[in-house]
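Here is the structure we will look at, set down as structure tokens.
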Amino acid sequence: MKNYELMKSILEKIKSYQRIIIFRHYRPDGDAVGSTKGLQRILQLSFPEKEIYLQNSDFCDYMAFLGKEDEPIDESLYESALGIVVDTGTADRASNKKFSLCKEIIKIDHHIDIKPYGDISWVEEERSSSCEMIAKFYDSFKDELVLDKEGATYIYTGMVTDSGRFRYHSVSGETLRLAGMLLDFGIDTDTLYANLYLDEYNALKFKAYVYNNMKMTDNGVVYIYVDRRMQKRFGLTSEQASNVISSLDSIRGSLIWLAFIDGKKGDNAIRVRLRSRFVTVNTLAEKYSGGGHDCAAGATVHSKKEMKALIADADARLAKYKSENEGWL
Ligand code: AMP
């Protein structure tokens with residue numbers, strides 16, 4: 001089915017259900033939170049007689065300024081509901097595994113569709129964010145759907161965060177046209193950008209520490225290991241510790257950068273965040289129980305030995321890329 005037909009069939013399904021439950025992936029980011037809250041807002045405004053819930057099992061400190069999600073509802077309410085899972089590439093990444101209890105499931109996503117799921121699946125891998133898809137959905141049926149400044153703010157937030165402030169190559173003319181449509185609702189961008197980008201004093205101290213302690217391999221892979229001791233010293237939440245990856249993204253010649261982040265005490269899993277420009281890293285992540293987009297992926301290692309192996313792997317890939325390509329920076 002073409003994307004317009006898919007969107008149309010999603011709208012028809014929404015109309016045919018009294019109860020709709022919206023889900024997103026665990027460890028949410030701006031796009032996961034923004035797209036689900038934005039969709040909920042659109043559906044609440046457009047169909048005030050329907051019950052529209054947002055049911056997830058974890059939170060995102062970083063996005064707390066967008067407001068709370070819904071309290072858990074009774075499990076028995078799932079079986080007659082339509083479930084819409086947004087921004088969640090595979091079913092096992094869902095924050096709330098109970099989504100599968102819903103009578104029918106719709107998937108809306110922009111990640112690579114490696115393990116499809118859902119009765120209707122609208123996936124556009126080239127979109128810069130799931131929020132962009134929600135904006136497109138609204139824009140396609142705006143005679144029938146309602147959006148306001150609050151909803152536009154949710155959706156715009158995810159578009160900004162998932163596109164690196166509209167810098168990534170997934171940003172198209174349509175991305176900006178849809179963002180423009182949202183801005184016209186009167187979004188308070190001063191407050192939004194302050195919420196997104198102001199740093200705590202301690203966080204900047206941590207950044208300074210990161211720049212003093214990051215390492216670079218022979219071929220330019222930059223990496224940092226944020227162990228538990230470091231997290232304690234700077235009083236970091238796991239969210240703040242994970243955000244270290246963005247500090248490493250502007251180093252000339254370093255086309256791959258990695259952050260290793262210790263989990264909670266007693267958990268020996270080390271979260272890996274992989275980022276790159278020009279060269280792809282998702283296939284590397286797949287070797288280490290992960291996956292993701294070409295230039296933004298995640299993985300997990302369980303020991304320093306495995307960490308070293310991943311770094312060596314990344315270094316070899318970067319060496320190969322640099323030897324075979326020109327024009328990289
Ligand atoms: P993150 O560094 O966690 O923000 O991950 C970057 C991207 O990689 C996300 O958008 C996810 O789609 C993907 N990703 C992260 N972890 C995994 C995983 N374990 N398996 C598959 N994809 C992942």
Built amide H within the under 5 Å cut-off of Gln55, gap 5+: Ile22
Evaluated at q = 0.17 Å⁻¹: base-10 log I(q)/I(0), Debye formula over Cα of region 145-296: -1.11
Efficiency of FRET between Gln44 and Glu75 - r from beta-carbon atoms, R0 35 angstrom, step 0.05: 0.95
Cα-centre dipole for region 41-114 with unit charges at Cβ (Lys and Arg positive, Asp and Glu negative), debye to 20: 140
Percent of Cα-Cα distances greater than 28 Å, calculated over the chain: 43
Selection from Ser46, Gly34, Tyr138 lying farthest towards where the dipole of region 5-163 points positive, charges on Cβ: Ser46
Among beta bridges that DSSP assigns inside the chain, antiparallel share in %, nearest 5: 45
Region 45-133: relative contact order in percent, alpha carbon pairs under 8 Å with at least 6 residues between: 22
Most fluctuating residue given options His169, His25, His293, as computed from a GNM of the chain linking Cα atoms under 10 Å: His169
Residue range of the chain that is longest and free of GluC sites (Glu not before Pro) which are both DSSP loop and sparsely packed (at most 10 other C-beta within 10 Å): 127-325
Value of D in µm² per second that Stokes-Einstein yields for region 231-329, Kirkwood Rh from Cα pairs, at 10 °C (1.306 mPa s): 113
Range in the chain, longest, excluding exposed trypsin sites (Lys or Arg not before Pro) [loop by DSSP; at most 10 other beta-carbon atoms within 10 Å]: 69-166
Sparse-neighbour loop sites [chymotrypsin sites (Phe, Trp or Tyr not before Pro); region 163-233; at most 16 other C-beta within 10 Å; DSSP]: Phe166, Tyr168, Phe185
For region 45-99, alpha-carbon Rg relative to the globular expectation (2.2 N^0.38 Å, N residues): 1.24
Separation in nanometres of the label points that stand 7 Å from Cα toward Cβ, at Ser289 and Asp113: 2.9
Alpha-carbon radius of gyration plus Dmax, which is the widest Cα pair, for region 102-223 in Å: 18.5, 57
Cβ-derived FRET efficiency at R0 35 Å, Tyr193 paired with Ala312, nearest 0.05: 0.35
Cα convex hull of region 8-145, projected area averaged across orientations, nm²: 7.6
Difference of contour (0.36 nm per residue) and Cα-Cα distance, Ile251 to Leu204: 15.1 nm
Cβ-derived FRET efficiency at R0 45 Å, Asn325 paired with Tyr4, nearest 0.05: 0.75
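All of the numbers you see were taken from the coordinates with simple rules; none came from a lab. Predicted, not measured: the structure shown is a model, and the values here were computed from it. With ideal geometry, Cβ positions are generated from the backbone for all residues, glycine too; neighbour counts draw on all protein chains shown.
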